[in-house]
Amino acid sequence: MSGLIQVLIGGLADGGVYALIALGVSLVYSISRIINLAQGGFVVLAALLAVSIQQWLGVPPLVTVVIVVPLFALLMAVVERLVMAPAAARATPDRMLLVTVGLLQAIGGLLLLVWGNLPYTMQPFSGDTAITIGGVRIVSQYLWIIGALVVTVAALWFLVQRTSLGLTMRATASNPEAAALQGINVGRVRLIAFSLAGAMAALAGTTVIPATFLQFSTVTPYAVAGFIAAVAGGLGSTAGAVVGGLVLGLLQGLFSRYTSGDLAQVIAMAVLIVLLLVRPTGLLGKTSEVRR
């Protein structure tokens, strides 16, 4: 039983990473109608950059979160201004999808150029010690990942539902043309959405790298997992992104007991794809969470 619980907690941690990726995908889609498949690539880029910063500066691993998260919020804002906004002004949604695929491939190439094809990891935030709860040993970094997801969801809910910025985001998500007529700077709102997505990608990358090994070839698996989680939960839904990510992680954890980790991920994704055939709108996909 303890072995099963350990597997489920590991799956929950994986699901937390997928949920953070899916949150960024859903937020950007809600505001701009752009499906950003490059989100998973930014996760790996943030993770490897955190490893290098930790080695260069000799700072504790946890400090890299404070450095990398705002850096990627700024980076994603630059990407939105220089790449996404100009492309979206001329391209159809289908072609924008290809733009994000190209961006994902560019990130993979950059990772290979700078960090090579070696896998990287980092010391856990709380050291190598595991936590024992009720006789079950839990990797401490898993709790950091789950905690990061909880804090992100709470902060995003407060931002969207309780602030004036959130009101403008909901208006833009609901009807950007009407929002613009009301004096809302739609371009600025989209910039903020991309910036927040960048921060989420960095948070996912910096919290997962101490719990696993990442390299340039992992950009596509993370991109696909995050996208499937977002769509399975209901593209554009904050709650759906979280549910989709956690379900994917838990399924992956369960299947990993009976097969290899890579095959378990493929099977888990296949289950969610079958779900989408039955329910195309996803688990919670009635309307965008931001619109509410």
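Computed from the Kirkwood radius of its Cα pairs, the Stokes-Einstein diffusion coefficient for segment 71-111 at 10 °C and 1.306 mPa s stands at 147 µm²/s. Its Cα gyration tensor gives segment 4-82 an equivalent ellipsoid; the semi-axes, largest first and in whole Å, are 23, 22, 9. Each listed q (0.17, 0.18 Å⁻¹) maps to a log10 I(q)/I(0) for segment 16-156 from the Debye sum over equal C-alpha point scatterers, namely -1.07, -1.17.
The relative contact order of segment 1-93 comes to 17 percent, based on Cα pairs under 8 Å that sit 6 or more residues apart.
At a temperature of 10 °C and a viscosity of 1.306 mPa s, determine how fast segment 184-262 diffuses translationally according to Stokes-Einstein, using the Kirkwood radius over alpha-carbon pairs as Rh; express D in µm²/s, rounded to the nearest whole number.
D = 111 µm²/s.
With a simple spin-label model that places each label point 7 Å from the Cα along the Cα-to-Cβ direction, the separation between VAL151 and ARG95 comes to 4.1 nm.
Once the Cβ-Cβ distance between SER260 and SER217 is put in as r, and R0 is 22 Å, what FRET efficiency do you end up with, to the nearest 0.05?
Values: r = 16 Å, r/R0 = 0.73.
Once the sixth-power term is evaluated, E becomes 0.85.
Mean residue ellipticity, 222 nm, helices only, the chain: the sum of -39500 (n - 2.57) across DSSP H runs of n ≥ 4, divided by residue count and rounded to 500, is -24500 deg cm²/dmol. Note on the chain: Rg/Rh from Cα positions, Kirkwood definition for Rh, rounded to two decimals, is 0.97. Which helices of the chain meet both criteria: a Cα extent of 18 Å or more along the helical axis and a mean Kyte-Doolittle score no lower than 0.0, with helices taken as whole DSSP H segments? Flagged H segments are 2-32, 39-57, 61-79, 93-115, 140-162, 186-208, 219-233, 238-255, 261-278. Computed over segment 143-292, the percent of Cα pairs more than 25 Å apart is 36. Eigen-decomposition of the gyration tensor built on the alpha-carbon atoms of segment 149-235 gives equivalent ellipsoid semi-axes of 30, 15, 12 angstrom, largest listed first.
Taking the inverse of the mean reciprocal distance over all distinct Cα pairs, the Kirkwood hydrodynamic radius of segment 72-155 comes to 16.8 Å. Spin-label model, LEU82 to VAL274: label points 7 Å out along the Cα-to-beta-carbon direction sit 4.5 nm apart.
Just so you know, all these numbers are worked out from the coordinates, no wet-lab data involved. Note that the structure is a prediction, hence the values are computed from the model and not measured. Using ideal geometry, Cβ is built from the backbone for each residue, glycine included, and neighbour counts are taken over all protein chains shown.
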